[in-house]
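Notes follow once the structure below has been shown.
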Amino acid sequence: MYEAVRIGSFQVRARDAEIAGWVRRSLTEMLNIPMIGYRQMAYLPLPESVPENAAFVKIYQRNVEKKFFRRLFAKRNEALTEGKAYQRFAGCGLLTPKLLFYGVEGQGTGERGIVAVEKLQGETAQEYLERTDDFGLLKKLTCLLGVIHKKGFSHGDVNFYNFLLCQGEIFIIDLARVKRLNGKRRTRDLITFFAKTNLLGVGLDRQRELLSSYEAAAGCNLGEKAEYLLGRAKEKATDFEGTRWVRPD
């Protein structure tokens, strides 16, 4: 569950009451100290004035119960990875919510990462596609994935709920798994994407059409691998059966 937290005109959302309390305390401190003070925690300064409902805050906490040493810096890295990804995407002309700040707080096992982005009013592509049969939007999403890959990035989590529809544009969100593109990551992104189209009832011919749009946008030719990807996507779709991704008849 998410809980809304209001600090003056600054509203954030945190994942539970405990984290929401920490966000409230931390942001209050950040808003009341000089810029150099909170720049030690956040890699981007807060703007002087923030409009109401302007931010969505994600908190990363460590799970120290299992594989302690392996996960020692995991949550810190996720926050920094996502913050840097927002900067890189914006620098490449890819539409994302405006990054307000990102950084880390605390030390040792109590360290937490934080990423804050502008909160946009809209609905996710998932929500839209669950109630419509808009093949045109699917084609736009496929082309957008191709553009992301052409820029040299793998999104890492190309579920439709990570694309936000706002004011006629498609914004890319949730960039915690973004990495540099390679062949393996391209394949993983495409299989995940087309597994979701399977669950929406998109036929094989239309999937081939979508894949052709992807190739044009990404500037690549998948050749014989295209049929392999669609076959693997159909197999992977069974992993998602019974979830809210399946459009009701």
Quiz item: What do you reckon, is residue 135 aromatic (Phe, Trp, Tyr), within 24 Å of residue 226 (Cα to Cα) and touching a strand residue (DSSP E or B) at 6+ places or on another chain (Cβ under 9 Å)?
Solution: no
Self-check item: Single match in 225, 236 (criterion: in the same structural domain as residue 149 (by TED's automatic domain parsing), surrounded by fewer than 18 Cβ atoms within 10 Å (Cβ to Cβ) and under 25 Å from residue 128 (Cβ atoms))
Solution: 236
Practice problem: Kindly indicate whether residue 211 is in contact (Cβ under 8 Å) with a residue 40 or more places away in the chain, assigned to a loop (DSSP other than H, G, I, E, B) and crowded, with 20+ Cβ neighbours inside 10 Å. | Solution: no
Self-check item: Filter result (part of a loop (DSSP other than H, G, I, E, B), more than 15 Å from the chain's Cα centre (by Cα) and among the small types (Gly, Ala, Ser)) within the stretch 123-158
Solution: 152
Quiz item: Looking at the stretch 159-169, is at least one residue more than 27 Å from residue 120 (Cα to Cα) and either crowded, with 17+ Cβ neighbours inside 10 Å or more than 16 Å from the chain's Cα centre (by Cα) (or both)?
Solution: no
Self-check item: Qualifying positions in the stretch 178-193 - in contact (Cβ under 8 Å) with a residue 40 or more places away in the chain and crowded, with 17+ Cβ neighbours inside 10 Å
Solution: 178, 189, 190, 191, 192, 193
Exercise. Quick one: in the stretch 75-103, of everything that is in a strand (DSSP E or B) and in contact with a Leu (Cβ under 7 Å, 6 or more places away or on another chain), which residue is modelled with the highest pLDDT?
Key: 99
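The values are calculated or read from the model by the stated rules, or taken from the named source; none is laboratory data. Being a predicted model, the structure only gives us computed values, none of them experimental. Cβ: placed from backbone, ideal geometry, glycine included. Neighbour counts: every protein chain shown.
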